[in-house]
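To keep things clear, I will list the structure first and then write my remarks on it.
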Amino acid sequence: MRCDAICSAHSFNINNLYESLKSSYAAQMYRDVLHIQHASEADPTPCDLFFFSFGVVTCWGMDDKHCLRAIEQAAPYADHLLEEIERDHFEVKFGEMARIHNDTIWIQDSDLFTRLGISYGIAQSVKLEAFETAVNDTINETRTIPQELATNGRIPLSARAIRRMMGSLFLKRSSINLYFDVLDIPEIIWDYPTLEPLYRMTSQYLDVNARVEILNKRLDIIHELFGMLSDELKHKHSSRLEWTIIWLIVIEVIITFMKDVFEVL
C-alpha cells in the first residue's frame, strides 16, 4: 500500500466539497478535514482520502491516476491553484506499532484515526514544502539586488520596476503569512486526543518544527529585501525632487538674468 500527500492550492472550501461528494461517497467532516472513503468494483478494499482546508489531500491505498482524480474533483472548490503541485510519497506496511522509518509508514491496522493523525503531520509537511518553494523562488529571483547594492551602491531599476517588485514581494509574503497558522498544532487534537502522539511522531520525523524556524529566517530575508527596495525608492524620489528643485532654481536664475539684460538694453 502507499500514502500520497499532494498540495495543489492555497486552500479548499471543504464544506462545499463535502456537499458535492456526500451523495457519491461515504463522507465525514472532522473540523477542517473532510474524510472520503472510496472503493471500486475492481478493488473493493476501501481507500481513504483526507482533504485538508489548507489545500492538501492525502490518499491512502490509491494509485497515481486516482490521486490526481481526487485533486481534479477538489479543484472547483480550491482557492488559487498552484502552478506546480507539491507532493510526498510513503510506503505503508502493517506492523506491531505505528511508526515511520525510511519513508515507510508502519501501522497496526486500517484504523481511520491512525491514518488521520499521521495524515495531518504529512499534510502540514507538504504545505510547508509549498511555502519553502515559494520563498526560495522569491529569494533566487531577487538575489542580484543585494549584490548590486554592494557593488554599485544603488539598484539599477526604475522607480516603476522597484514598485512592481515590492508589490510582488508583498503579495508572496502576505500569501504565506495568511496561511502560516496551518502549521500550528491542529485544533482537531482537542476533539480527538488519541491523534496527538501519531501527529507528533509524524511531525518530528519530517522535521516540521526545525523547517518552520528556517522558513521564518528566510521570510526575514524577504522582509529585509523589501526594506532595501523601500529605501531605494525613497532615495530615487528624494534625488528626483532635489534635481527638480535645482532645475527650478536654474530656470529662475536664467529668467532673472534675461530680465536684467533686457532692462539694460
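The values are calculated or read from the model by the stated rules, or taken from the named source; none is laboratory data. The shown structure was predicted, so the numbers you read here are calculated from the model rather than taken from an experiment. Ideal geometry is used to build each Cβ from the backbone, glycine not excepted, and the neighbour counts take in all protein chains shown.
Points to keep in mind about this one:
- Residue match in the range 108-118 (condition: at pLDDT 75 or above, under 17 Å from the mean Cα position of the chain (by Cα), surrounded by 14 or more Cβ atoms within 10 Å (Cβ to Cβ) and closer than 26 Å to Y30 by Cα): no
- Close contacts from the range 207-220, counting a first residue that is without any contact (Cβ under 8 Å) to a residue 12 or more places away in the chain and a second that is surrounded by 13 or more Cβ atoms within 10 Å (Cβ to Cβ), with Cβ to Cβ under 8 Å and a gap of 6+ residues or different chains, come to N209/S203.
- Checking each residue in the range 183-206 for being touching a residue at least 40 places away in the same chain (Cβ under 8 Å), in a helix (DSSP H, G or I) and out of contact with any helix residue (DSSP H, G or I) (no Cβ under 6 Å at 6 or more places or on another chain) picks out I188, D191, P197, R200, M201, Y205.
- Odd one out for I162, checked against (1) outside any helix (DSSP H, G or I); (2) modelled with pLDDT under 75; (3) crowded, with 16+ Cβ neighbours inside 10 Å: (1)
Yes or no, residue by residue, for (1) without any contact (Cβ under 8 Å) to a residue 60 or more places away in the chain; (2) under 26 Å from A9 (Cβ atoms); (3) in contact with a helix residue (DSSP H, G or I) (Cβ under 6 Å, 6 or more places away or on another chain):
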| residue | (1), (2), (3) |
| --- | --- |
| R87 | no, yes, no |
| S110 | no, no, no |
| Q124 | no, yes, yes |
| G153 | yes, no, no |
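- Criterion violated by Y192 - all others in (1) modelled with pLDDT under 75; (2) in contact with a Phe, Trp or Tyr (Cβ under 9 Å, 6 or more places away or on another chain) satisfied: (1)
- Test: M62 is touching a Leu at 6+ places or on another chain (Cβ under 9 Å) and surrounded by 13 or more Cβ atoms within 10 Å (Cβ to Cβ): yes
- Beta carbons closer than 6 Å, at least 6 apart along the sequence or on distinct chains, pair a first residue in the range 1-25 that is of a type in the set (D, E) with a second that is not in a helix (DSSP H, G or I) for D4/C59; D4/H89.
- Test: D109 is part of a strand (DSSP E or B) and not β-branched (V, I, T): no
- Criterion violated by I155 - all others in (1) under 17 Å from F52 (Cα atoms); (2) not in a helix (DSSP H, G or I) satisfied: (1)
Rundown of residues vs (1) at pLDDT 65 or above; (2) within 30 Å of P146 (Cβ to Cβ), yes/no style:
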site: R211; (1), (2): yes, yes
site: K217; (1), (2): yes, yes
site: L225; (1), (2): yes, yes
site: S230; (1), (2): yes, yes
site: H235; (1), (2): no, yes
site: S239; (1), (2): no, yes
site: V250; (1), (2): yes, no
site: E263; (1), (2): no, no
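- For the range 10-35, the set of residues classified as in contact with an Asp or Glu (Cβ under 9 Å, 6 or more places away or on another chain) and either farther than 23 Å from G117 by Cβ or not small (G, A, S) (or both) consists of H10, F12, N13, I14, Y30, R31, D32, H35, listed by residue number.
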